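**Student:** The structure's right below; bear with me while I get my questions together.
The values are calculated or read from the model by the stated rules, or taken from the named source; none is laboratory data. Because the structure is predicted, anything quoted here is derived from the model rather than measured. No Cβ is skipped: glycine too gets one built from the backbone with ideal geometry, and neighbour counts run over all protein chains shown. Areas reflect the complete protein model, heavy atoms only, side chains present, ligands, DNA and RNA absent. Shrake-Rupley method; radii C 1.70, N 1.55, O 1.52, S 1.80 Å.
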Amino acid sequence: WTHREAFPGGRRLRLGIGGPSRSGKSYSALRAATGMISVTGGEIFVIDTDNEFALDYAYNPSTQEGFKFQHVDFKPPYTSERYQSVIEYCVSQKASVIIVDQMSHEQTGEGGVLERQQEIEKQLAEKWKTTREKAKAASWNEAKTIPHGKLVNYAARVQQPIIFNFRAKDKIKIVKDEKGKQEWIH
């Protein structure tokens, strides 16, 4: 054990940005991260789960537009353990700010929590010789609570600021135009 006099500061930024596709999550995260490193120095690391979509925002020397960052291409499976591993990689590379673009795949993507839960539910039902409905609660503990909880606990201890982008479903409203025809509006 050790101790020291307490002083303010040392808080770790954990920022979540949510919105539907093309709503500006990646751009906003990069703007915020660029502002942070303008004060602290260092490099931004973008963990890109969207088939290299983040590269659309990379700095282009000929136009002098875009953002400077290190790109980490993250392909499926989107397990909690792999999210933790890729964040650990960014930390080991001395990232100053880490952007996880998209975190939603951990839940709904290939190999994500929902897929894992379905498979575990099926396995437990077979093992216990019961219905899948009766195995559902136990399957969630193994598929989400434990691995996701470990990821959250790890992320809370990381010194670097982390920005998590979350994809939300589009909100659609059906309205009638001047001719009475129905139209879908985002």
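**Student:** Answer rounded, prolate or oblate for the stretch 50-186, using the Cα gyration tensor with square roots of eigenvalues a ≥ b ≥ c: rounded when a/c is under 1.5, else prolate when a/b is larger than b/c, else oblate. Don't skip to the answer; put the middle values down first.
**Tutor:** Details: a/c = 2.80, a/b = 1.13, b/c = 2.47.
Oblate, since a/c reaches 1.5 and b/c is not below a/b.
**Student:** With +1 on each Lys and Arg Cβ and -1 on each Asp and Glu Cβ, how big is the dipole of the stretch 69-186 about its Cα centre, in debye rounded to the nearest 20?
**Tutor:** Numbers: 20 positive and 16 negative charges, 71 e Å.
Result for the stretch 69-186 is approximately 340 debye, rounded to the nearest 20.
**Student:** Please find the FRET efficiency linking D56 to L15, where r is the Cβ-Cβ separation and R0 is fixed at 25 Å, and quote it to the nearest 0.05. Walk me through the intermediate numbers first.
**Tutor:** Working: r = 21 Å, r/R0 = 0.84.
My answer for the efficiency is 0.75.
**Student:** Give the accessible area for D73 in Å² (nearest 10); use a 1.4 Å probe, count only protein heavy atoms, and leave out ligands, DNA and RNA.
**Tutor:** Rounded to the nearest 10, the figure is 60 Å².
**Student:** Say R0 is 25 Å: what FRET efficiency, to the nearest 0.05, do K94 and A156 get from their beta-carbon distance? Could you put the intermediate results ahead of the total?
**Tutor:** Details: r = 20 Å, r/R0 = 0.79.
Calculated transfer efficiency: 0.80.
**Student:** Same structure, new question: Are there DSSP H segments in the chain that both extend 15 Å or more along their axis (alpha-carbon positions) and score a mean Kyte-Doolittle hydropathy of at least 0.0? List them, or say none. Present the calculation step by step, with values, prior to reporting the outcome.
**Tutor:** On the way: long enough: 25-40 (22 Å, 0.37); 80-92 (18 Å, -0.35); 113-128 (22 Å, -1.23); 146-157 (17 Å, -0.19).
Helices passing the filter in the chain: 25-40.
**Student:** Among A143, A29, I47, whose Cα sits farthest toward the positive end of the charge dipole of the chain (+1 at Cβ of Lys/Arg, -1 at Cβ of Asp/Glu, about the Cα centre)?
**Tutor:** The listed residue farthest towards the positive side: A143.
**Student:** Using the Cα atoms of the stretch 64-125 to build a convex hull, what is its mean projected area in square nanometres?
**Tutor:** Numbers: hull surface 20.7 nm².
Average projection, Cα convex hull of the stretch 64-125: 5.2 nm².
**Student:** Which far-off residues, 5 or more places away or on another chain, put their amide H under 5 Å from the one on G18, with H placed in the peptide plane?
**Tutor:** F166
**Student:** Still on this structure, I have one more. Which of rounded, prolate or oblate describes the stretch 118-173 when judged by the alpha-carbon gyration tensor and an a/c cut-off of 1.5? If you can, show how the numbers build up before the last one.
**Tutor:** Working: a/c = 4.92, a/b = 1.55, b/c = 3.17.
Oblate is the answer for the stretch 118-173, as a/c is 1.5 or above yet b/c matches or exceeds a/b.
**Student:** Would you kindly state how much longer the chain becomes between K171 and S38 on full extension, computed as 0.36 nm times their sequence separation minus their alpha carbon distance, in nm to one decimal? Mind dumping the intermediate values first?
**Tutor:** Numbers: separation 133, 0.36 × 133 = 47.88 nm, distance 3.54 nm.
Separation in residues times 0.36 nm, less the Cα-Cα distance, equals 44.3 nm.
**Student:** Counting only protein heavy atoms, what percent of the accessible surface of the chain is carbon or sulfur at a 1.4 Å probe? Kindly include the intermediate steps, with their values, before the conclusion.
**Tutor:** Numbers: 6440 of 12330 Å².
On the chain, the fraction of accessible area on carbon and sulfur atoms equals 52 percent.
**Student:** Heads up, I need the accessible area for R82: 1.4 angstrom probe, whole protein in place, Å², nearest 10.
**Tutor:** The accessible area of R82 comes to roughly 90 Å².
**Student:** State in Å² the accessible area per residue of the stretch 1-155; use a 1.4 Å probe, count heavy atoms of protein chains only, and round to the nearest integer. Intermediate values should be presented prior to the final figure.
**Tutor:** Values: 9560 Å² over 155 residues.
Per residue, the stretch 1-155 has an accessible area of 62 Å².
**Student:** Considering the Cα positions of the stretch 27-110, please state its Rg to one decimal place and its Dmax as a whole number of Å.
**Tutor:** Using the Cα atoms of the stretch 27-110, the pair Rg, Dmax is 13.0, 39 Å.
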